[in-house]
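Notes to accompany the following structure.
The values are calculated or read from the model by the stated rules, or taken from the named source; none is laboratory data. Because the structure is a prediction, the values reported are computed rather than measured. FYI the Cβ positions are ideal-geometry reconstructions off the backbone, even for glycines, and counts take in every protein chain you see. For the accessible areas, the whole protein counts, side chains as well, though only heavy atoms, and no ligand, DNA or RNA atoms are used. Shrake-Rupley method; radii C 1.70, N 1.55, O 1.52, S 1.80 Å.
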Amino acid sequence: GCATLDALRAGVAACTACPLARTRQNTVFADGTGSSGVLFVGEGPGAEEDRAGVPFVGRAGKLLTDIVTKGMGLAREDVAIVNVVKCRPPENRDPTPEEKAACAPWLHRQLELFDPKVIVPLGRHAATTILGVDAPLGRLRARVHDARGRKVVPTYHPAYLLRAPQEKKKTWEDIQLAMREAGISVPGER
């Protein structure tokens, strides 16, 4: 029932609903204003994000920033960036279903308060959580889905793109689709 993002941030910071609260340095709530209408959703914080309390600040974060600034032509602060879970899973393991369920109310309220035109889940965990399905990312990307009345365009996680740079072209196609859905001009298109 938090009425503002600041109130929600304070609620997340005090959360002890799952065991991740015992091992975190910081909760990782969000970054950016979302003024462009685009909201990116990652899986969960890594070690650098846990230290900084900000999502996507490591190598994958630099790539996401490049996608936003160089590809989309926006400032990073013009998009919103959140994670499915707000605390770092130990050893950067995947979040458990129980951890994702504990964080789900926080995520859903973030989506309501940011009120994006389009949600871009980054990677399979974020996509399946947002869409409520169990499917490979390859079957979910390259199209617009509807989740709770919101447009959703899943794509590959930047950490995956660092390991598989050949997939960057597909990601750029997904990002262009999300831009069109958000009413953002795609560079080179009229």
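Within region 154-190, count every residue that is in a helix (DSSP H, G or I) and not basic (K, R). First the steps, then the outcome.
Taking region 154-190 as the starting set, the residues that turn out to be in a helix (DSSP H, G or I) are 158-163, 165-182.
After this cut, where a residue has to be not basic (K, R) as well, the list is 158-162, 165-167, 171-179, 181-182.
Result for region 154-190: 19.
For T27, indicate whether it is without any contact (Cβ under 8 Å) to a residue 24 or more places away in the chain and either assigned to a helix (DSSP H, G or I) or closer than 19 Å to P97 by Cα (or both). Walk me through how you get there before you give the answer.
Numbers: without any contact (Cβ under 8 Å) to a residue 24 or more places away in the chain: no; either assigned to a helix (DSSP H, G or I) or closer than 19 Å to P97 by Cα (or both): yes.
So T27 does not fit the description; no.
Counting just the residues of region 79-102 that are charged (D, E, K, R) and open to solvent by 50 Å² or more (accessible area, probe 1.4 Å), which one comes out nearest to R51 (Cα to Cα)?
Selected residue: R88.
For region 154-182, how many residues are without any contact (Cβ under 8 Å) to a residue 60 or more places away in the chain and open to solvent by 60 Å² or more (accessible area, probe 1.4 Å)? Give the steps one after another, and end with the answer.
To start, the set of residues in region 154-182 that are without any contact (Cβ under 8 Å) to a residue 60 or more places away in the chain comprises 154-156, 160, 163-170, 173-174, 176-177, 180.
Restricting the remaining residues to those that are open to solvent by 60 Å² or more (accessible area, probe 1.4 Å) gives 160, 163, 165-166, 168-170, 173, 180.
Matching residues across region 154-182 total 9.
Identify all residues within region 65-76 that are part of a helix (DSSP H, G or I) and surrounded by fewer than 16 Cβ atoms within 10 Å (Cβ to Cβ); write none if there are none. Break it down into steps so the answer makes sense when it comes.
Pass one, region 65-76, residues part of a helix (DSSP H, G or I): 65-71, 76.
Correct list: D66, T69, K70.
Looking at K62, K151, which one is modelled with pLDDT of 95 or more, open to solvent by 30 Å² or more (accessible area, probe 1.4 Å) and in a strand (DSSP E or B)? Walk me through how you get there before you give the answer.
Values: K62 fails: in a strand (DSSP E or B).
On inspection, the qualifying residue turns out to be K151.
Have a look at P55, P95 and point out the one that is under 16 Å from G123 (Cα atoms), part of a loop (DSSP other than H, G, I, E, B) and either without any contact (Cβ under 8 Å) to a residue 40 or more places away in the chain or among the aromatic types (F, W, Y) (or both).
Details: P95 fails: either without any contact (Cβ under 8 Å) to a residue 40 or more places away in the chain or among the aromatic types (F, W, Y) (or both).
None of the other options fit; the residue is P55.
Among residues belonging to region 20-35 that are open to solvent by 70 Å² or more (accessible area, probe 1.4 Å) and more than 16 Å from R76 (Cβ to Cβ), point out the one that is nearest to the chain's Cα centre (by Cα). So that I can check it myself, show each step before the final result.
At the first step, the residues of region 20-35 found to be open to solvent by 70 Å² or more (accessible area, probe 1.4 Å) are 22-23, 25, 33, 35.
Remaining after also requiring more than 16 Å from R76 (Cβ to Cβ): 22-23, 25.
Details: R22: 23, T23: 22, Q25: 20 Å.
Ranking the candidates gives Q25 first.
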